[in-house]
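The values are calculated or read from the model by the stated rules, or taken from the named source; none is laboratory data. Given the structure is predicted, the values throughout are model-derived calculations rather than measurements. For neighbour counting, all protein chains shown are included, and Cβ atoms are generated from backbone atoms with ideal geometry for every residue, glycine included.
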Amino acid sequence: MKKTGFMPLEDIRNSIISLSENEEDMERLLRLKFNNGADFTDMFISAMQNINGEGSKFIENISKVFNMTGKILPVTLDKMNISAELEDRNSNR
């Protein structure tokens, strides 16, 4: 999947699908690949960012465009590294 900055596109896609009234059709739409290799979700999110700017505003407006009953709320908009400390005290990044 194409990366745009550090936004978790797969998480956004899965949230849209889960919150849509017709999950099956929404999943087919958001997983659509065009003949030239372009990905619908990448193009849609890029267009929403161009219209609404960076930050969470474009994510908020996705709910409005798709007339979703819920909201997609990002945990953070900051770039971050996630790590875990395992039971044996080893660090995993």
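Numbers at a glance
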read-out: Every pair of residues 6+ apart whose Cβ atoms lie under 6 Å, when the first sits in region 13-26 and is free of Cβ contacts under 8 Å to residues at least 40 places away in the same chain and closer than 15 Å to LYS64 by Cα while the second is part of a helix (DSSP H, G or I) and of a type in the set (Asp, Glu); value: ILE17/GLU23; ILE17/GLU27
read-out: Subset of region 19-38 [in a helix (DSSP H, G or I) and either out of contact with any Lys or Arg (no Cβ under 9 Å at 6 or more places or on another chain) or acidic (Asp, Glu) (or both)]; value: GLU23, GLU24, ASP25, MET26, GLU27, ARG28, LEU29
read-out: Unique match (being touching a Ser or Thr at 6+ places or on another chain (Cβ under 6 Å) and either modelled with pLDDT under 90 or in a helix (DSSP H, G or I) (or both)) among ILE62, ILE16, ILE12, ILE72; value: ILE72
read-out: Some residue of region 58-71 being among the small types (Gly, Ala, Ser) and over 18 Å from PRO8 (Cβ atoms); value: no
